[in-house]
Amino acid sequence: MKTLSIDVRRAEPQDARAISETHRVSWLHTYSGLIPHKPLINMVERRNENWWRKATRGPATLLVLDVAGTVAGYATLGLNRAKALPYEGEIYEIYLRPEYQGLGLGRMLFGEARRLLKSLGCDGLVVWCLEDSEHAERFFRSEGGVDIAEGMENFGDKDLKKIGFAWR
C-alpha cells in the first residue's frame, strides 16, 4: 500500500516556480468572469517566479500545501492591514489549484494558517474575499467566519465589493 504525504509547511525559495504556477491557475479559475480580463492577466503575470522567490523572504509568512511533492495551494498571512478592525492577524491570500479543491485540503491549509497566527500571539484574524466569489464566501462562512466589514477593490475600470470575515 502506498502512503500519500500531505503537509503544510513554510515556503522555501525553491518553491517559487510551483507557487507561481499555482497562483496562475487558481486565480484564473477563481476570477475569470469576475475581474476584468486585462487587469486579471496583469496581476497574474506580475506575480512570476521571481516575485514569489522574493515573497518567501518577505515580511509576510508564506505557507504551501504540499501534496506528495506538488504545491497544491498556498496561503500568505501576517498582521492585519485594516487598523480600524480589532483583529491582529490577517490571512491575505489562500488558494488551491482547482484539481485539489473540494477534498478538505483548503480546511487543512486554513487551519494551519490560523494556528500559526495564534502561535504568533495574534488575537483574532480577518480574511477578505470578493462578494461575488461565492465559493470563497461559502468556505469562510462554513469555517465560522463572521461578516464584519465591507470595502471596495478596484480592477482597472471596475470596482468590486469585498467582504471581511473575522474570527476571534
Roughly what would the spin-label model give for W51 and K162, points 7 Å off Cα along C-beta, in nm? 1.4 nm
GNM on the chain, C-alpha springs below 10 Å: top fluctuator among D132, D157, D66? D157
To make sure I understand, if each residue's beta carbon is the centre and we count other beta carbons within 10 Å, what order do V127, V146, V64 fall in, fewest to most? V146, V64, V127
Among T56, T70, T30, the residue with the largest mean-square fluctuation in a Gaussian network model of the chain built from Cα contacts under 10 Å is T70
Identify, among A18, L125, L109, the residue whose Cα sits farthest towards the positive end of the charge dipole of the stretch 6-167, taking +1 on the Cβ of Lys and Arg and -1 on the Cβ of Asp and Glu, with the dipole about the Cα centre. A18
Mean residue ellipticity (222 nm) of the chain, computed from DSSP H runs ≥ 4 via -39,500 (n - 2.57), nearest 500: -10500 deg cm²/dmol
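Net charge within 14 Å of G106 by Cβ-Cβ distance, Lys/Arg positive one each and Asp/Glu negative one each, not counting G106 itself?
Value of the local net charge: 0.
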In the chain, what is the count of Lys pairs whose alpha carbons are under 30 Å apart, counting only pairs at least 8 residues apart or on separate chains? 15
Computed E for S119/T70 - FRET, C-beta separation, R0 35 angstrom, nearest 0.05: 0.85
Calculate how large, on average over all directions, the projected area of the Cα convex hull of the stretch 20-82 is; give the answer in nm² to one decimal. 5.1 nm²
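Values quoted throughout were computed directly from the atomic coordinates according to the rules given, and no laboratory measurement underlies them. Small disclaimer: the values here were computed from a predicted structure and weren't measured. Because the Cβ atoms are built from the backbone with ideal geometry, glycine has one as well, and the counts that use them run over all protein chains shown.
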